[in-house]
1. GLU279 versus (1) out of contact with any Ser or Thr (no Cβ under 6 Å at 6 or more places or on another chain); (2) within 26 Å of GLN248 (Cα to Cα): which is the lone unmet condition?
2. For the range 37-141, list the helices (runs of 4 or more DSSP H) that sit wholly inside it and hold at least 2 residues that are among the small types (Gly, Ala, Ser) and in contact with an Asp or Glu (Cβ under 7 Å, 6 or more places away or on another chain); which are they?
3. Any residue in the range 184-199 that is surrounded by 15 or more Cβ atoms within 10 Å (Cβ to Cβ) and modelled with pLDDT of 75 or more?
4. Tally time: how many residues in the range 131-156 are acidic (Asp, Glu) and either surrounded by fewer than 14 Cβ atoms within 10 Å (Cβ to Cβ) or not assigned by TED's automatic domain parsing to the domain that holds TYR106 (or both)?
5. Picking from THR88, THR121, which residue would you name as being surrounded by 13 or more Cβ atoms within 10 Å (Cβ to Cβ) and farther than 21 Å from GLY67 by Cα?
6. Confirm whether GLY128 is under 30 Å from ASP241 (Cβ atoms), exposed (fewer than 14 other Cβ atoms within 10 Å of the Cβ) and touching a helix residue (DSSP H, G or I) at 6+ places or on another chain (Cβ under 7 Å).
Amino acid sequence: MISSRSITWTIILIIIGFQGFSQRVNTSISYQKYIETYKDIAIKKMHEYRIPASITLAQGLLESSSGNSALSLDANNHFGIKCHKEWTGMTYIMDDDEKGECFRKYSSPEESFNDHSLFLTSRPRYAGLFNLDIHDYKGWAYGLKSAGYATNPKYAEMLIKIIEENQLYLYDSGVLRDALPADKINHNKVNGLANKNHSSGMKYDFKYVEVTNGNRSIYENNGVRLVISRIGDDAQSIADDVGVHTFQILKYNELGSKETIKPGSIIYVEPKKKKANTEFYIMQEGETMRDIAQLHAVKLKDLYKRNGLQTGHEPLPGSKIVLR
C-alpha cells in the first residue's frame, strides 16, 4: 500500500518537473535571437581565424538547435565537439551516435566559439578550407562535410539553407549590421541597412534585387543598382563580382584610381541619375556633396550644377540642397 507521504512527494516531484519543463519552453531561443546574440563573436572569430562568420553562425544554429539543445544549455557546447584524446577540460556525457559519449564542456558560450575556431585551424583535414575565399560559404559547407565534421549526408545543404534563409553571408563582409531574414523582406525591400559613413546615423531603404557572384546582394536606389562594400574591397573586387570593368566602378562613383573604399559604402554598379526622387535634402554635419550624391544616386556634377555651386565647394551644415 502506498503511503500518503509517498503520494505527496510524487506530486511535488511532478510539479517540479513541469515547472522545469515550462521554464525551458518559455526561454527557448529563436533563430533571430541566436543570431543577434552571437553575430559579434562570429565576426570577431572570422577576423582572428579566417573562418566565415556565416559558417560559424550556421553551424552554431544547427548543432545547438539555436541554443536550445541540452548540450548547449548544460555544457555551453554549441558545435557538438566531442572530447577527443587531447581534451583536458570539463566534460559532459550524453548519448549521441553511441551511448554515453564524451563531449567538451565550457564555462561560457564564447569559450565554445573560440574552441570551434581552434578545432578547425588545428586539424590538417580542414587545412584546405582556408584556401577558399572568405565569402565562399558553399565551398566551406561542402568542405566541412567532406572532411568529416558531421555524419549527416545532407550536412552541407543544411548549412547552406540556414545561411541563405537568414542571409548570414552579410556578416562575411565583416561589417557589423543586422541580418536581413528572407522571410521578413520577401526579396522586395531592404530596410535599415546601416550607413557606416553617414554621420547622421541615417538608414538606407533600398529595394532588394538579387544575389550575384561573390555572394553580393544587389540593391536598387532611385532606379540604380548598387552593392554595399565589404572589408578589403576595392574597385576591382567589386567589378569582378558584378561583371563590369574596374574603370566603370570608378566612374559611376566618382572615385579616384587610388582612393580607398570604406566598408559599408554605397557603390553603384551602373550610372547614377541626373536627379533624385525627392526634391531637396538638408546638409548634415560632416557630410559632403559626394555623400549626398551617393545617398540619392545622383551624379555629382549634376548636383553641383543644379545648386549653382563650383565643383569642390562644400556647403555648410543646414544648407538646403536641391535634388531635382
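1. All conditions pass for GLU279, except number (2).
2. Working: elements: 53-63, 70-75, 109-121.
By residue number, 53-63.
3. Looking through the range 184-199, none of the residues is surrounded by 15 or more Cβ atoms within 10 Å (Cβ to Cβ) and modelled with pLDDT of 75 or more.
4. Start the filter on the range 131-156 by keeping residues that are acidic (Asp, Glu), which leaves 133, 136.
Among the residues that remain, those that are also either surrounded by fewer than 14 Cβ atoms within 10 Å (Cβ to Cβ) or not assigned by TED's automatic domain parsing to the domain that holds TYR106 (or both) are: 133.
Final tally of qualifying residues: 1.
5. Details: THR88 fails: surrounded by 13 or more Cβ atoms within 10 Å (Cβ to Cβ).
Going through THR88, THR121 in turn, just one is surrounded by 13 or more Cβ atoms within 10 Å (Cβ to Cβ) and farther than 21 Å from GLY67 by Cα: THR121.
6. Details: under 30 Å from ASP241 (Cβ atoms): yes; exposed (fewer than 14 other Cβ atoms within 10 Å of the Cβ): yes; touching a helix residue (DSSP H, G or I) at 6+ places or on another chain (Cβ under 7 Å): yes.
It is true that GLY128 is under 30 Å from ASP241 (Cβ atoms), exposed (fewer than 14 other Cβ atoms within 10 Å of the Cβ) and touching a helix residue (DSSP H, G or I) at 6+ places or on another chain (Cβ under 7 Å).
The values are calculated or read from the model by the stated rules, or taken from the named source; none is laboratory data. In this text, all values refer to a predicted model and were calculated from it rather than measured experimentally. Glycine also receives a Cβ, built like all others from the backbone with ideal geometry; neighbour counts cover every protein chain displayed.
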